[in-house]
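This report refers to the structure that appears directly beneath it.
Bear in mind these aren't lab numbers, they're just calculated from the coordinates by the rules spelled out. None of the values given here were measured: they were computed from a predicted structure. As a convention, Cβ positions derive from the backbone with ideal geometry for all residues, glycine included, and neighbour counts pool all protein chains shown.
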Amino acid sequence: MKTRISLLLLVLFVSSCSEPPKESDTLYLQNRTPLHPKKYVELPLGTIRPEGWLLHQLELMRDGMTGHLDEWYPSVVGERNGWLGGDGDGWERSVYWLDGLVPLAWLLDDEELKAKAMPWIEWTLNSQTETGYFGPVPFEEEPEPEPGLQKTRRQDWWPKMVMLKVLQQYYEVSGDERVIDLLLNYFRFQLDELPNTPLDHWTFWANRRGGDNLMVVHWLYNQTGESFLLELGDLIHEQTFPWTEVFLNEDCYKGGDLDHLYPYNTNNRYPFDQELISRLCTRQLQSFHCVNLAQGIKEPMIRYQQEPDPVYLEAVEKALSDILLFHGQPQGMYGGDEPMHGNDPTQGIELCSVVELMYSLEKMIAISGNPAMMDHLEKIAYNALPTQVSDDFTSRQYFQQANQVMLTRHRHNFYEEDHHGHTDLCYGLISGFPCCTCNLHQGWPKLVSHLWYATADGGVAAVVYAPCNMTARVANDDEVSIREETNYPFEERIRFHISTKSPVQFPLHLRIPGWCSEPGLSINGENVLFEVEEGMMVLDRMWQEGDLVELHLPMEVSLNRWVENAVSVERGPLVYVLKIGEEWKAVESDDIWGDYSEVRPLDPWNIGLLEAAVLDPETGFEFVTVGKTTNSQEERIYPWSLENAPVALRTKGRIIPDWKLHREMAGPLPHSLPLKHLLSDPPQEITLIPYGCSTLRITEFPVVR
C-alpha cells in the first residue's frame, strides 16, 4: 500500500520554512521588510498562458457560464446589481463572478469578456466616498425582500474582500493607479472603522475569511511601503477567527459531550468566546463551515509573513493532517455539505470549497514552497474540479460525492438538504444554492496563473504541470519564454522548450511529485543526473535558444485505505474510479432552484475490487490509453468526459448484491471482508477511468475475494 507521503513532507517542511530564505534576487514583487520573504513569488496575471487541453478548458468557460452568466442569471448578475449602483443583489455573488471573469478575460485576451468586466470595475473605482468606503450604497430603509436576491448587508466587510482580489488582478494587467488610490483610502477607512465595527459586526463571514483581506493589505504594502498597512494587518489578524489556536487545540481530543456546540451557526463576536474556541478543532463534525475552512486555512500562513513564528506553519500542517484523517476523501477534498461532515464517501463536497481550497494552496505555496501542497493542489485540480461542472460548462453540481451513483432530486443525507429543495446533487445553473454558480469561475484561471512562480535566486519554478507558455524576467532582467508541451496529467512526459534572445544563465526549478519514485531528465536529448531537495530539482545553467528539457515522471498504480477499509486507486496525480454508463434527463422546474438535470446509472455500480489485484497492483491493474488529447488548434477534444477519457485501468471485480441504494445514493460501504456468498459468482472485467472524467462513479471500493 502507498504510504501518505504528503503528510510526511508537510511535517519535514515546517522546520525549513521557519528559516528565512536568502536575500531575494527575484525581479517580481517580493515582500518588503519587515515582512518575511516568500519562498516563491507569484507572477503577474498574463505571464502564463494556457495551451492544449487547458486552453480548451478556458475556452469552454468563455462559451459557457463564465462568459454568459450576466445573460443567464440576470436577476442577480444584471444591471440591478448593487455593484453597478442598482437596488438589487448587493452582496457576494456578482463579485464572485468577477473574481473568475477578470483573469479569464485577460488570459484569453478576449475583448468581449473584458467589456463585460469593465463596467463593474469602473463603477467600483468611482464608488468610493470621502470616508474611504466603496461598493454598494447602503439603503436608508431596509427594502422589501425579493426571493433569490441578497439585497441587504451592503456594508458587510466580507464581499469587499472579494472585490479587493478582483481589483488586484485588474491592476496587474492594467497598471491603473486608481486601484492603488482606492485601496489606500479604503484601508485607512478600515483602520478607522474596525475598532468600532469589527469584522464580525455585520456578519460572521468576514471574521472567518479575514485572511483574504489581510493578503491584499500585504500586497499593497509591498507596492507602496505605507507603514499604516502593517498596523491594519495586526488589527485584521486580531479580529479574524483564531484559526491558529483552533487548529492546534488538543482539548477537543479528550472526548466529552460536544453536541450542543455548533459554531457553524454561532455568530461569534470579537473578542471571541474563548471557552467556545477552546473546544473547537478540525476533528469535530460540524465545527466549521466547509468554505470558511477552505479560505481560513491560509490565514495562519498569511499572518506568518508579518509575524514569522513557526507556530503558524505548524497550525496549518496539523489542520491538513486532521482534515485528511477525520474528513478526507481520495480526490483531495473533505466531506463538507456546508458544515464539515466526516469522511463517508457519500458526504457532499461543496464546489465553492474546491475552488477556495485551491486558491488557499496557491497562496500558501508562495509563502512556504511546500511540495506537499503542490501535490495537494494538483490532486484537487485534476480530480475534484473538472467533475463538478458539466462538459459544456453550462451547469454545475452544488455538491459532489466520491461514491456518486445517482443524481436525482431526492432527500439525501446533507446538512442543508431541506433548504435546497433536495437538488444539491443535480446539475443545474442554480440548483442547490447559487453561490457556487458565481464562485466556481476562479478555479481554472487562477490555476493557470499559479503553474509557475519566480524564485528568490532569479529563476522560475514549475510547481504544477499543464500545457502552457510562460514568459518571465530572470537573472539580470533577461526575458525568457518556456513552452510547456504535455498532455499531463494523462501522460508521464513534460517537455520544456526554452526561448531566449541570447544565452542567459538562470536556475530552472522543477517539482518532483511525492508519488514519483524514479524521475528521469534529459537536456537536448542527453540524460543528466540531478538531485532532488525539498521536492524540487534545480537546473542552473547557461540556457540558449532552442534548448529542450524533458522531464519523465513514471506513474505507478498505488492504493489507499479509507472508510470501512475500502480502497481507492491512484496512478500519478489521478484517482481512478469505476466507469458507469449514464442516462441524463432534463427536468423543467419553475421553483427557485430552476431547471436541472438528473443522471441515473446504466451499469451496475455495486462492485468490489478483487483482493488479488489489491495485494499486487502492478499485475492486478492494466494501464491502457483509450482516447487522446491534442495540442492542435484545429482539433479540440475535451478530455474530462466519460466518452473522451484518454486513459483507463482495467481490472476485475465482483458485484456485491447486498450493497444497495439508500436514499438514491450508494448505501453504506460493506466492510472489506471475504464475502463467501460471492465466491460462486465469476469475477467480471471492469474499467476504471480518471475521477475528473466521471459523473457517476465508485471511488472507494470494498475488497472481495
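Order of 112-120, 344-352, 510-518 by packing, highest average Cβ count within 10 Å first? Present the calculation step by step, with values, prior to reporting the outcome.
On the way: 112-120: 16.7, 344-352: 25.8, 510-518: 18.7.
The densest-packed peptide leads the list: 344-352, 510-518, 112-120.
Where Lys and Arg each count +1 and Asp and Glu each count -1, what net charge lies around residue 301 among other residues with Cβ under 12 Å from its Cβ? Don't skip to the end; give the middle numbers.
On the way: positive: 38, 39, 298, 303, 363; negative: 299, 307, 309, 314, 317, 362.
Charge balance near residue 301 sits at -1.
Would you list the membrane-span-like helices of the chain, meaning whole DSSP H runs whose alpha-carbon atoms span at least 15 Å along their axis and whose mean Kyte-Doolittle value is at least 0.0? Walk me through the intermediate numbers first.
Details: long enough: 5-17 (18 Å, 2.68); 52-63 (17 Å, -0.20); 93-107 (22 Å, 0.77); 111-125 (20 Å, -0.32); 157-174 (25 Å, -0.06); 177-193 (24 Å, -0.11); 210-224 (21 Å, -0.20); 228-239 (17 Å, 0.41); 310-327 (25 Å, 0.73); 351-368 (26 Å, 1.24).
Qualifying helices, which must be both long enough and hydrophobic enough, are 5-17, 93-107, 228-239, 310-327, 351-368.
Order of 271-283, 486-498 by packing, highest average Cβ count within 10 Å first? Intermediate results must be reported in sequence, preceding the final value.
Working: 271-283: 15.7, 486-498: 19.6.
Ranking the peptides 271-283, 486-498 by packing returns 486-498, 271-283.
Once you sort the root eigenvalues of the Cα gyration tensor of the chain as a ≥ b ≥ c, which label holds: rounded (a/c under 1.5), prolate (a/b larger than b/c) or oblate (the other case)?
Judged from the Cα gyration tensor, the chain comes out rounded (a/c under 1.5).
Classify region 43-240: rounded, prolate or oblate, from the alpha-carbon gyration tensor (a ≥ b ≥ c, eigenvalue square roots; a/c under 1.5 rounded; otherwise prolate if a/b is larger than b/c)? Display every interim value, and only then the final one.
On the way: a/c = 1.92, a/b = 1.20, b/c = 1.60.
It comes out oblate by the Cα gyration axes.
In region 329-472, if the dipole is taken from +1 on Lys/Arg beta carbons and -1 on Asp/Glu beta carbons about the Cα centre, which of 465, 366, 431 is farthest to the positive end?
So the residue furthest toward the plus end is 465.
Which order do peptides 186-193, 156-163 fall in by mean Cβ count within 10 Å, highest first?
Numbers: 186-193: 18.1, 156-163: 23.9.
So the order, starting with the most tightly packed, is 156-163, 186-193.
Below 11 angstrom from the Cβ of residue 282, what's the summed charge of the other residues (Lys, Arg +1; Asp, Glu -1)? Please report the intermediate quantities before stating the final value.
On the way: positive: 283, 318; negative: 322.
Once all neighbours under 11 Å are counted, the net charge is +1.
Can you list residues from other chains, or at least 5 along the same chain, whose modelled amide H is less than 5 Å from the amide H of residue 427?
The list, which skips near neighbours in sequence, is 597.
When the helix-only estimate is applied to the chain (DSSP H runs of n ≥ 4, each -39,500 (n - 2.57), divided by the residue count), what is the mean residue ellipticity at 222 nm, nearest 500 deg cm²/dmol?
The per-residue figure over the chain is -9000 deg cm²/dmol.
With the cut-off at 1.5 for a/c, could you classify region 420-495 from its C-alpha gyration tensor as rounded, prolate or oblate?
Details: a/c = 4.21, a/b = 2.36, b/c = 1.79.
Since a/c reaches 1.5 and a/b is larger than b/c, the shape of region 420-495 is classed as prolate.
Placing +1 on the Cβ of each Lys and Arg and -1 on the Cβ of each Asp and Glu in region 111-208, which of 197, 182, 169 has its Cα farthest towards the positive end of the resulting dipole?
169
May I ask you to derive the relative contact order of the chain, considering only C-alpha pairs under 8 Å and at least 6 residues apart, and to give it as an integer percent?
On the way: 1533 pairs, mean separation 104.8, N = 705.
With pairs under 8 Å counted, the relative contact order is 15 percent.
When 38, 501 are ordered from fewest to most other Cβ atoms inside 10 Å of their Cβ, what list results? Mind dumping the intermediate values first?
Numbers: 38 27, 501 10.
Ascending number of Cβ neighbours within 10 Å: 501, 38.
Around residue 126, under 15 Å between beta carbons, what's the net of Lys plus Arg minus Asp minus Glu among the other residues?
Numbers: positive: 178; negative: 122, 130, 176, 177, 181.
With Lys, Arg at +1 and Asp, Glu at -1, the neighbours total -4.
Answer with one residue from 527, 557, 543: the one whose Cα lies farthest towards the positive end of the charge dipole of region 527-569, charges on Cβ with Lys, Arg +1 and Asp, Glu -1.
After comparing all options, I get 557.
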